[in-house]
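The values are calculated or read from the model by the stated rules, or taken from the named source; none is laboratory data. None of these values were measured; they are calculated from a predicted model. Neighbour counts are summed over all protein chains in view; Cβ atoms, including those assigned to glycine, are modelled from backbone coordinates with ideal geometry. Heavy atoms of the whole protein, side chains included, go into the accessibility calculation; ligands, DNA and RNA do not. Shrake-Rupley method; radii C 1.70, N 1.55, O 1.52, S 1.80 Å.
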Amino acid sequence: MSRISTVLTTVVATTACVCVSVPSAAASDPVVSRGVTIPAFYTPPAELPAGNGVLVRHEPLPLGLSLPGLDGRTLPGTATRLMYTSTDSNGQPVAVTGAYIEPSARWKGDGPRPLVVVGSGTMGQGDQCAPSLALQHPLTLNGRTVSLAYEDLAVYRLLATGAAVVVTDYVGLGATDRLHTYVNRVDEGHAMLDAARAAHSVPGASVTGASRVAMYGYSQGGGASAAAAELQRAYAPEVPLVGTYSGAPPADLTEVMKGIEGSALAGALGWSINGFAQAEPELRAVVEENINATGRAALEDISTTCVGDAILGYGFTKSTKWTKSGESIAAVIAGEPAAQAVLDEQRLGTTRPTGPVRLVTGVRDDIVPHAQARQLAVDWCAKGGDVTYKAVRLPNLGDKLLTNHLAPLLTDQGDAVAWLTDRLKGEPAVSNCRTMPVQP
């Protein structure tokens, strides 16, 4: 039985159970996802060490894009593959993978070398899509899966400032013991904060407990960085978070589902449903009751896809084809209070973020809708947050094609890196919350 089939058909008595078929710690057969053999490193041990942000294992990670430096050091830095501990949304210990990169560039600011935690934008749900693997293999193309390391540009720009970078794979993306819990704010926020903790233990790392820490993320990563900023005080108060970049954050999943429906990235709806069906019995029961055979097959297939596969295989699909009633999945969930409550609990903006936040959203974004991202800035400002809000105004580059969503990632990236670098140097941010009522 496949992992996703098990998720959708197993009845459980406790939310703490992870109901997926998983490889055992002693499994002799390697995990293969769409023709890609996942290194044994990514299979978690049967037991994890106690604590959050504890390094479970590490090994050298060859960067797919690097150059020899004049002083003998590889540019942009030396990378280490990581597995570290975290706590999932059900309060259970979980192994998370990722990568730490010690930069070749010198840090020119005051204090010890700072650290930037990068939460990648949407990569997919198959283990072969993991951001740490993408650092090693910038393009994966084998006829069965397509994965492009588009976040490497941001990672390398951050390294060029002299800051160290740690990239998280999130819960279940890479690690082979469960499905990736796509856009689960608690899992993602914890994974980012625990990556900061784990970085201090990496052999050869120059960052220390006193190093200033910043969060960077766009799209899925923007939601993850926003969640980390909200959760820091309660979950990781010792992490010295001095700035967060949150680009195009999916703050209200109910609204984001409407944007994704029928778009080029329609497959992302399947990733979200798969992840929440794994973690939340209330939503799992609704999915099981309402998904038809076509939808069941689609969700199973989508569970191993990367972005490229999802666009090619499910672009512009409407979820009305996946339900017994012919309603969209969003409509089905809206009609079930217990299932809708699962999405409502994912809402960002209910807690004041720690430290200054730069929130950026494209006014034409029709995948992660502009209005709900702007509302996150409004909500944070109302709670006394230190928010620098920017609406990116670009022409309409094509309805539901992803172009309106991705363009601000590229046009704002330089400013985002510069803003974070200023925070890492200890320079104060300038909030524009007072002008929110007149900003688009």
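Tabulated results
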item	result
Every residue from the range 363-389 that is within 16 Å of TYR245 (Cα to Cα), charged (D, E, K, R) and within 20 Å of the chain's Cα centre (by Cα)	ARG374
Count of the range 415-432 residues which are more than 19 Å from GLY385 (Cβ to Cβ) and assigned to a loop (DSSP other than H, G, I, E, B)	2
Conditions (1) over 18 Å from PRO103 (Cβ atoms); (2) open to solvent by 10 Å² or more (accessible area, probe 1.4 Å); (3) not aromatic (Phe, Trp, Tyr); number of the one not met by ARG212	(1)
Some residue of the range 236-256 being closer than 16 Å to ASP88 by Cα and either open to solvent by less than 10 Å² (accessible area, probe 1.4 Å) or not in a loop (DSSP other than H, G, I, E, B) (or both)	yes
When residues of the range 285-316 are limited to those that are hydroxyl-bearing (Ser, Thr, Tyr) and part of a helix (DSSP H, G or I), the one farthest from VAL146 (Cα to Cα)	THR294
Residue in the range 161-179 that is closer than 15 Å to GLY222 by Cα, touching a strand residue (DSSP E or B) at 6+ places or on another chain (Cβ under 9 Å), in a loop (DSSP other than H, G, I, E, B) and open to solvent by less than 10 Å² (accessible area, probe 1.4 Å) present	no
Test: residue in the range 317-324 that is assigned to a loop (DSSP other than H, G, I, E, B) and surrounded by fewer than 17 Cβ atoms within 10 Å (Cβ to Cβ)	yes
Test: SER211 is closer than 21 Å to LEU75 by Cα and either at pLDDT 95 or above or under 14 Å from the mean Cα position of the chain (by Cα) (or both)	no
Odd one out for PRO337, checked against (1) in contact with a Phe, Trp or Tyr (Cβ under 7 Å, 6 or more places away or on another chain); (2) of a type outside the set (A, V, I, L, M, F, W, C); (3) closer than 26 Å to ALA268 by Cα; (4) open to solvent by 30 Å² or more (accessible area, probe 1.4 Å)	(1)
